[in-house]
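The values are calculated or read from the model by the stated rules, or taken from the named source; none is laboratory data. Note that the coordinates shown come from a computational prediction; the quantities given were computed from them, not determined experimentally. For neighbour counting, all protein chains shown are included, and Cβ atoms are generated from backbone atoms with ideal geometry for every residue, glycine included. Note: accessible area is taken over every heavy atom of the protein model, side chains too, but ligands, DNA and RNA are not part of it. Shrake-Rupley method; radii C 1.70, N 1.55, O 1.52, S 1.80 Å.
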Amino acid sequence: MIARSEAEPARGASLLLLGAIFALALNLRPAMAAVGPLLDLIEGATGMDSTAASLLTTLPVLMIGLGALSIRPLRRRLGERRGILLGALLIGGACLVRAVLTETAALIASAAVVGVGVALIQALAPVVIKRAFPTRFGTVMALYTTGIMGGAAIAAATAAGLAEAVGWAWTLALWSVPAFVAAVVWLLAARDPAAEEPDRKAVIEVVHPELPFWRQGRAWSLILIMGLGTSAYTLVLAWLPPFYVDLGQARATAGYLLSGMTGAEVVAGILVSMLIGRFPDRRGPILTALVLALIGLAGLVVAPVALAVPVVVIMGLGIGAIFPLTLILAMDQIDDPARSGDLLAFVQGGGYIIASLSPLAAGLLRDHMADLTGAWILMGAGVVVLGVMTLAFRPGLPKLR
């Protein structure tokens with residue numbers, strides 16, 4: 001009989017920890033995804049323009065990037081248990097205050113607080129998963145990322161209907177409930193030793209003499225690839241529903257389209273996990289994903305209403321595959337597990353900071369051109385640049401140091 005790994009929790013604790021991880025993941029995107037389908041209502045009630053409204057997405061994404069770059073000091077100062085709990089409470093509290101604090105400044109401030117909460121969880125949860133489920137890391141990470149996309153899909157699909165029932169402010173505030181529930185479940189699950197960080201005094205930090213990543217050109221190329229790929233996701237998350245509302249589509253229809261695109265992203269992530277082992281040269285799958293994203297963006301320019309459903313599905317498949325593929329591409333560049341984690345933090349941190357600019361740029365374009373077509377065209381150009389940069393990552397390159 002094969003003994004269970006001592007590093008993994010017992011079955012009951014394992015299920016509780018899995019439930020906590022999934023519950024936390026569900027709360028990492030709704031505070032952003034629910035905004036798009038309601039943006040016309042928010043702008044009408046607050047008087048904010050598109051540039052200001054873009055900050056409701058830009059600030060959380062910026063905070064996620066800063067959180068990824070700060071993972072080491074976050075772990076030292078807070079630890080995983082308290083850091084993740086604080087993240088869930090910040091998300092819940094920021095969503096709750098939106099029920100009563102509906103002025104522009106308050107909404108933007110709440111978006112920043114949401115971003116801090118998401119950054120804490122997103123920086124620390126993978127560390128818990130890696131330690132608690134060492135032999136099932138890939139499977140549990142797939143569950144975690146599915147929860148992230150699932151939360152976004154639910155928020156986008158339900159926003160319009162809830163707004164008709166309780167108003168836009170309470171629709172945003174209702175997402176405090178699952179956040180507080182996730183905090184309670186995490187408190188229960190974090191009692192298990194597998195969910196707790198080891199004694200910091202007993203941990204010997206290995207000092208790597210290798211060259212810092214910021215001095216290696218290929219690491220900066222990976223940041224740009226990650227940033228451009230994630231920019232497509234954040235741009236669509238923020239502005240796809242308002243784009244369709246501007247075209248005369250119902251608010252609920254716009255939300256369903258974003259939800260459908262998010263569902264396609266989940267499917268793409270699953271397909272990548274199943275098939276990527278057949279492609280040691282990652283450029284083929286990445287270029288395929290980029291072509292799909294480019295077709296979707298072109299559809300938004302040429303026939304956004306007539307081809308709405310195929311456009312969002314094709315674009316979702318492309319965008320949904322780009323993110324995991326760029327992570328895999330980054331991990332290919334280094335062999336040491338500890339260094340690969342540092343590289344991923346560097347790449348994702350810089351990438352999310354770049355991606356936070358795309359909703360802001362689109363808001364500026366919408367204010368000055370009264371249309372988002374220019375944003376889709378510029379994003380298409382970014383996808384082409386991403387493809388050209390990817391071609392340089394041929395198999396057999398020397399590993400990063």
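Given the conditions (1) over 25 Å from Val127 (Cβ atoms); (2) crowded, with 21+ Cβ neighbours inside 10 Å; (3) at pLDDT 90 or above, which single one is not true for Ser221?
Of (1) over 25 Å from Val127 (Cβ atoms); (2) crowded, with 21+ Cβ neighbours inside 10 Å; (3) at pLDDT 90 or above, only one is false for Ser221: (2).
With the checklist (1) touching a helix residue (DSSP H, G or I) at 6+ places or on another chain (Cβ under 9 Å); (2) assigned to a helix (DSSP H, G or I); (3) at pLDDT below 90 in hand, flag the one item Gly12 doesn't pass.
Going through the list (1) touching a helix residue (DSSP H, G or I) at 6+ places or on another chain (Cβ under 9 Å); (2) assigned to a helix (DSSP H, G or I); (3) at pLDDT below 90, Gly12 breaks only (1).
Report yes if Leu86 is under 30 Å from Arg339 (Cα atoms), open to solvent by 50 Å² or more (accessible area, probe 1.4 Å), part of a helix (DSSP H, G or I) and not charged (D, E, K, R), otherwise no.
yes
Given the criterion open to solvent by 10 Å² or more (accessible area, probe 1.4 Å), in contact with a helix residue (DSSP H, G or I) (Cβ under 7 Å, 6 or more places away or on another chain) and modelled with pLDDT of 95 or more, identify the matching residue among Leu300, Leu344, Leu292.
It is Leu292.
Examine the range 149-170 for a residue that is at pLDDT below 90, in contact with an Asp or Glu (Cβ under 9 Å, 6 or more places away or on another chain) and either open to solvent by 50 Å² or more (accessible area, probe 1.4 Å) or farther than 26 Å from Leu39 by Cβ (or both), and state whether such a residue exists.
No, the conditions are met nowhere in the range 149-170.
Which one is surrounded by the fewest Cβ atoms within 10 Å (Cβ to Cβ) among residues in the range 28-67 that are in a loop (DSSP other than H, G, I, E, B) and at negative phi?
Asp49
Can Thr104 be described as of a type outside the set (A, V, I, L, M, F, W, C) and either at positive phi or out of contact with any Asp or Glu (no Cβ under 9 Å at 6 or more places or on another chain) (or both)?
Spelling it out, Thr104 is indeed of a type outside the set (A, V, I, L, M, F, W, C) and either at positive phi or out of contact with any Asp or Glu (no Cβ under 9 Å at 6 or more places or on another chain) (or both).
Please determine whether any residue of the range 388-398 is open to solvent by 40 Å² or more (accessible area, probe 1.4 Å), outside any helix (DSSP H, G or I) and within 26 Å of Ala298 (Cα to Cα).
Checked the range 388-398: at least one residue is open to solvent by 40 Å² or more (accessible area, probe 1.4 Å), outside any helix (DSSP H, G or I) and within 26 Å of Ala298 (Cα to Cα).
Against the definition (within 18 Å of Trp220 (Cα to Cα), under 18 Å from the mean Cα position of the chain (by Cα), surrounded by fewer than 19 Cβ atoms within 10 Å (Cβ to Cβ) and at pLDDT 85 or above), how does Leu357 come out, yes or no?
In short, yes.
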